[in-house]
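Since the structure comes first, as structure tokens, the remarks are kept for the end.
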Amino acid sequence: MAKLTVDDLKRIKEEVRSSTVLREGGFRAKVNIHMGTCGIAAGARKLMAVVLKEIEEEKVKDVMVTTSGCAGLCSREPMATVEILGKPPVKYCDLNEERMKEIFVKHVLNGEIVEAYALARGSETTY
Amino acid sequence: MEDLSLHILDIVENATAARARKIEIFVDEEPGEDRLTIEIRDDGIGMDKEVSRKALDPFFTTRSSRRVGLGLPFMAQAAQEAGGSLRVESKIGKGTKVIASFQYHHIDRKPLGNMVETVVTLLFGNPELEILYTHKKEGKSFAFSSSWVKNHFRDRPLVDPEVIREVERHLKEGLKQIGVQG
């Protein structure tokens, strides 16, 4: 078996941290908005505004909000990833304000994946 | 990008990718002197001379850190189109400073846009990031800091309905008082 390097340890630490942050923070769900240059140019900031407005209006207290960089699918931006505690994360693409609101109500609040806008399952590093 | 507040958001997102813990945003509007200046400072990993020189080249990228790409060249283009310029000062281990200047009344200068949305997105999307935002217009100034929010709502989580509402109100009112449409 190959020796573990410092970089391997850093990677493992990051993987464990990202998988436990939801549970340890007492959150039930995480919404990550992709804020690379491509995402921002395509309207990602509006998605964040919609999510914060929903949290404010629905008085939601157990949802975590994060931003991340380019996920490599610039042509499908704006994108967002929704993760419910204990479930695999779901990536949504080609979003707009109405779709983001629908995803927030259906998936984040009620746990139903909105398949029509889903791209794939996965996760990425958040800073 | 439609407006300058989106460029600011983009450059700060770059800074967080460069592991910045603290970022400072200065916006200085001087219509009387036909000048608009935007300065963004971070304490991230920084770039060496070679990389910061190439950072304005849209076809250069350091894939591993994602510190550069189209973001800076886009903002430089926006400044140049409005009779201004953009410069990058960076030191490895110290951080990066981006300074963009624009002719305030130039016909091709993009509007400043929604600074409230930019600051709110940065604040709630990066809970661990220390943010200082100073906006000056014709001698009046408004300052906002993430540590004020964290002290003011000490007993609450950051992403909380009431905190979101209060921060938005505070930013809108503060900018309105210095004559900026938030």
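The values are calculated or read from the model by the stated rules, or taken from the named source; none is laboratory data. As the structure is a computational prediction, the values presented were derived from the model and not from experiment. Reconstructed Cβ throughout: ideal geometry from the backbone, glycine too, with neighbour counts over all protein chains shown.
Filter region B:121-179 for residues that are touching a residue at least 60 places away in the same chain (Cβ under 8 Å), on the phi < 0 side of the Ramachandran plot and not in a strand (DSSP E or B) and give the result.
The answer is B:121, B:122, B:126, B:128, B:129, B:175.
Among the residues of region A:46-82 satisfying the criterion of being over 25 Å from residue B:163 (Cβ atoms) and among the charged types (D, E, K, R), which is farthest from the other protein chains (Cβ to nearest Cβ)?
Looking at the filtered set, the residue picked out is A:76.
Taking into account only those residues within region B:140-153 that are exposed (fewer than 15 other Cβ atoms within 10 Å of the Cβ) and modelled with pLDDT under 90, which is nearest to the other protein chains (Cβ to nearest Cβ)?
Looking at residues that are exposed (fewer than 15 other Cβ atoms within 10 Å of the Cβ) and modelled with pLDDT under 90, I get B:152.
Out of B:46, B:32, B:93, which single residue is over 19 Å from residue A:36 (Cβ atoms), assigned to a helix (DSSP H, G or I), over 16 Å from the mean Cα position of the chain (by Cα) and not hydroxyl-bearing (Ser, Thr, Tyr)?
Among B:46, B:32, B:93, only B:32 is over 19 Å from residue A:36 (Cβ atoms), assigned to a helix (DSSP H, G or I), over 16 Å from the mean Cα position of the chain (by Cα) and not hydroxyl-bearing (Ser, Thr, Tyr).
Which of the residues that make up region B:113-137 are in contact with an Asp or Glu (Cβ under 7 Å, 6 or more places away or on another chain) and away from chain A (no Cβ under 14 Å)?
B:132, B:136, B:137, listed by residue number.
Restricting attention to region A:85-92, does a residue exist that is away from chain B (no Cβ under 14 Å), in contact with a strand residue (DSSP E or B) (Cβ under 6 Å, 6 or more places away or on another chain) and surrounded by fewer than 19 Cβ atoms within 10 Å (Cβ to Cβ)?
Residues of region A:85-92 that are away from chain B (no Cβ under 14 Å), as a first pass: A:85-92.
Adding the requirement that they be in contact with a strand residue (DSSP E or B) (Cβ under 6 Å, 6 or more places away or on another chain) leaves A:88-92.
Subsequent filtering for residues that are surrounded by fewer than 19 Cβ atoms within 10 Å (Cβ to Cβ) retains A:88-89.
Yes, the conditions are met somewhere in region A:85-92.
Only one of these is under 19 Å from residue B:4 (Cβ atoms), touching a Gly at 6+ places or on another chain (Cβ under 7 Å) and among the aliphatic types (A, V, I, L, M): B:100, B:82, B:76. Name it.
B:100
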